[in-house]
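Report on the following structure.
The values are calculated or read from the model by the stated rules, or taken from the named source; none is laboratory data. Just so we're clear, the structure is a prediction, and the values are computed from it rather than from any experiment. Neighbour counts run over all protein chains shown; Cβ positions are idealised from the backbone, glycine included. Only protein heavy atoms, including side chains, enter the accessible area calculation; ligands, DNA and RNA are left aside. Shrake-Rupley method; radii C 1.70, N 1.55, O 1.52, S 1.80 Å.
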Amino acid sequence: MNDYTAPLDDIVAALQLVGLDDVLALAVFEDLDIAAVREVLGGFAKLAGEVIAPTDRIGDTVGATLDVASGVVTTAPELANAFAEYSKGGWTALSAPVERGGGGFPGAVATAVREMFGSANMALSLNPVLTQSAIELLELYGDDRQQEVFLSRLIDGTWTGTMNLTEPDAGSDLGAVRTTAAPTGDGRWLINGTKIYITWGEHELTDNIIHLVLARAPEAPAGTKGISLFLVPKVIVDDDGGLHERNGVHALALEHKMGIHASPTCVLQFDDAIGELVGPLHNGMAAMFSMMNPARVAIGLQGVSIGERSLQQASSFAAERKQGRAGNVNPAPIASHPDVQRMLLDITVTVRAARMLVYATSVAADLATHHPDEAVRAASQARADLLTPLAKAWATDEGVRTSSLALQIHGGMGFIEETGIAQHYRDARIAPIYEGTNGIQAMDLVGRKVSRDNGAAMNTLLDQITVTVHSASNLPTLKAAADSLGHAVDTVRAVTTWVVDTMRSDSPTVLAGATAYLELAAKTVAGELLLREAIAAAECGSTSADRLAAQLQFFVLEHLDRAPTVGSITLGATLLATALA
Ligand SMILES: Cc1cc2nc3c(=O)[nH]c(=O)nc-3n(C[C@H](O)[C@H](O)[C@H](O)COP(=O)(O)OP(=O)(O)OC[C@H]3O[C@@H](n4cnc5c(N)ncnc54)[C@H](O)[C@@H]3O)c2cc1C
């Protein structure tokens, strides 16, 4: 079986656990309550399960093709139908402001929708992910006309958006971007260059595509300081949104990929393409970062989506496949064997923890945007900024690990494409790479997020985790796990001090430990979310209390007690270099 049923109860519970109610209590959301949220998520759950999920396998097998002569990219027709249903339902606009024709829901609710879309068809879901990023960018940096002409049509789903950063010699290092922008003298710009790996860079799902492109204006300073951001439509648009001639941007080729086959990954050639500047000249990186941060959270979510889809498939397979004896049953379903149960439990608890981590990041972003108190907005922004690399890197690494476990549960059938589990594993593998590799996320954590504020945001987070740990001290079923979490907090705190103290004098040594630090920090935050969930269940005498306590204990034993120590994180660049010599 390769169906998908959205775990609606889990999704709503996770949203509430990480503070959605605080967001809904804000004046801007006064017309909404949790019942409305549940209803809207239920509506999408139906679309995801019934319309989008059945296209997943077709999209993988049919893939995307480019007719080089005409430049037309085609994907399976079923994808176009599913995408049309998505657009018609107004789902792109869910979190856009009501005055712009949006649904006015918090971003965290849109995140939950995105999770379901990603589970149903990760490759197709990338299209709205990039459109959503373009929307957020134009809301912040677009001028009135750009908002009127382009933003409104991205919000209502008429057109889609792309993000054009990468070039053959500019991947992780965007300072190396070579694409040029020359002023035409009438306020417009001519864009020339080649961008690679552009997701949904060309397609027929909509009649226009809005490319947001990093390029260099004449006499721009070297490096990232000299990069500007341009809006380049596939088809030239007038001020009323009318479509005219084709612009000078074309797909030269599509990449042949390991996974997400339904998503056309394009080499885009810009030949005197007409573009317009978005935001101030030479400020493209700041603008693009506003697009990249939500996009990073959305990619972290893909780890959750794929983990959930893989879990559903593995659970179903394990219930049906019979091998070996269990008690008096012979042959027994493999789900009754302890080692298979171990794998299913690992996926279950990891997906739940990762979901809460990503949702917590989204809730922080909502509070940073909408809270009336400036101090709360600033603290929430610092929290969202800190959690973003944890959510992106840890959740996507876990997406690969959990889909691999799900494949393992299938035995030999896991390696055979027919079951479909191999697709999820192949699809999951891109998420730790794009939107800033996970190595780059770790560098972002120790550099921008921890060193710059001398560890303030991280230490505030650790203080809050400590409060949760203490609140479990009277709950016997949770005490052992809480103690382990307390030790993890001590380790993260000690390494945070070391990062702050060492970054200036010996950054290579800090960078050598950055990935291990990120992993431990993410697991500590995830562990606290599981602990909060278990405390809430224990305190209200819920029937799920023992189950959640046992799952927490499993997570702590498997993930936190085996986590890196201070010594293993601070081992240093010299040791690495010597060991590799
Ligand atoms: C399927 C797919 C879709 C994509 N979609 C888009 C898109 O829509 N738009 C877009 O602009 N781009 C897109 N990308 C590009 C993607 O974001 C880049 O591949 C990614 O940022 C990594 O860049 P790179 O491939 O050049 O790897 P490199 O930068 O060459 O990195 C190779 C390795 O070196 C490491 N590394 C590099 N620099 C450093 C450093 N300074 N310190 C430590 N480690 C370092 C990296 O972590 C990585 O492990 C896509 C890529 C793929 C494969």
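Note on the stretch 84-165: enclosed helices (runs of 4 or more DSSP H) holding 1 or more residues that are open to solvent by 10 Å² or more (accessible area, probe 1.4 Å) and under 18 Å from K392 (Cα atoms) are 107-120, 122-141. Scanning the stretch 174-219 for residues that are hydroxyl-bearing (S, T, Y), within 13 Å of the ligand (Cβ to nearest atom) and in a loop (DSSP other than H, G, I, E, B) yields one hit, T179. Taking the conditions exactly as written (in a helix (DSSP H, G or I) and more than 20 Å from the chain's Cα centre (by Cα)), does Q269 satisfy them or not? So Q269 does not fit the description; no. Take L165 and tell me if it is within 16 Å of the ligand (Cβ to nearest atom), touching a strand residue (DSSP E or B) at 6+ places or on another chain (Cβ under 6 Å) and under 28 Å from R114 (Cβ atoms). Yes; evaluated as a whole, the condition is true for this residue.
Picking from residues in the stretch 452-499 that are acidic (D, E) and part of a helix (DSSP H, G or I), the one that is surrounded by the fewest Cβ atoms within 10 Å (Cβ to Cβ) is D463. Restricting to the stretch 251-265, count the residues that are closer than 18 Å to R57 by Cβ, more than 9 Å from the ligand (Cβ to nearest atom) and open to solvent by 30 Å² or more (accessible area, probe 1.4 Å). Total satisfying the criteria: 1.
Looking at this structure, is G439 open to solvent by less than 40 Å² (accessible area, probe 1.4 Å), closer than 21 Å to M292 by Cβ and in a helix (DSSP H, G or I)? Answer is yes for this residue. Looking across the stretch 408-426, the residues that are surrounded by fewer than 22 Cβ atoms within 10 Å (Cβ to Cβ), away from the ligand (no atom under 16 Å from the Cβ), in a helix (DSSP H, G or I) and in contact (Cβ under 8 Å) with a residue 12 or more places away in the chain come down to Q408, M413, T419, A422. Against the criterion of being over 25 Å from the mean Cα position of the chain (by Cα), free of Cβ contacts under 8 Å to residues at least 60 places away in the same chain, surrounded by 13 or more Cβ atoms within 10 Å (Cβ to Cβ) and farther than 30 Å from G59 by Cβ, R188 does not qualify.
Filtering the stretch 427-448 to residues that are more than 25 Å from S310 (Cα to Cα) and free of Cβ contacts under 8 Å to residues at least 24 places away in the same chain leaves nothing. Taking the criterion of being of a type in the set (D, E) and either surrounded by 24 or more Cβ atoms within 10 Å (Cβ to Cβ) or in contact with a His (Cβ under 8 Å, 6 or more places away or on another chain) (or both), no residue of the stretch 309-352 qualifies. Has the stretch 353-365 got any residue that is under 28 Å from V129 (Cα atoms), open to solvent by less than 60 Å² (accessible area, probe 1.4 Å) and either more than 21 Å from the chain's Cα centre (by Cα) or modelled with pLDDT under 95 (or both)? No, that holds for no residue.
Count of the stretch 266-302 residues, restricted to those that are open to solvent by less than 10 Å² (accessible area, probe 1.4 Å), more than 11 Å from the ligand (Cβ to nearest atom) and small (G, A, S), is 6. Give me the pairs, please: first residue somewhere in the stretch 325-341 and free of Cβ contacts under 8 Å to residues at least 12 places away in the same chain, second residue anywhere and charged (D, E, K, R) and open to solvent by 80 Å² or more (accessible area, probe 1.4 Å), beta-carbon distance under 9 Å, and either six or more positions apart or on two chains. Close Cβ pairs satisfying both conditions: V329/K322; N330/K322; P331/K322; P331/R325; A332/K322; A332/R325.
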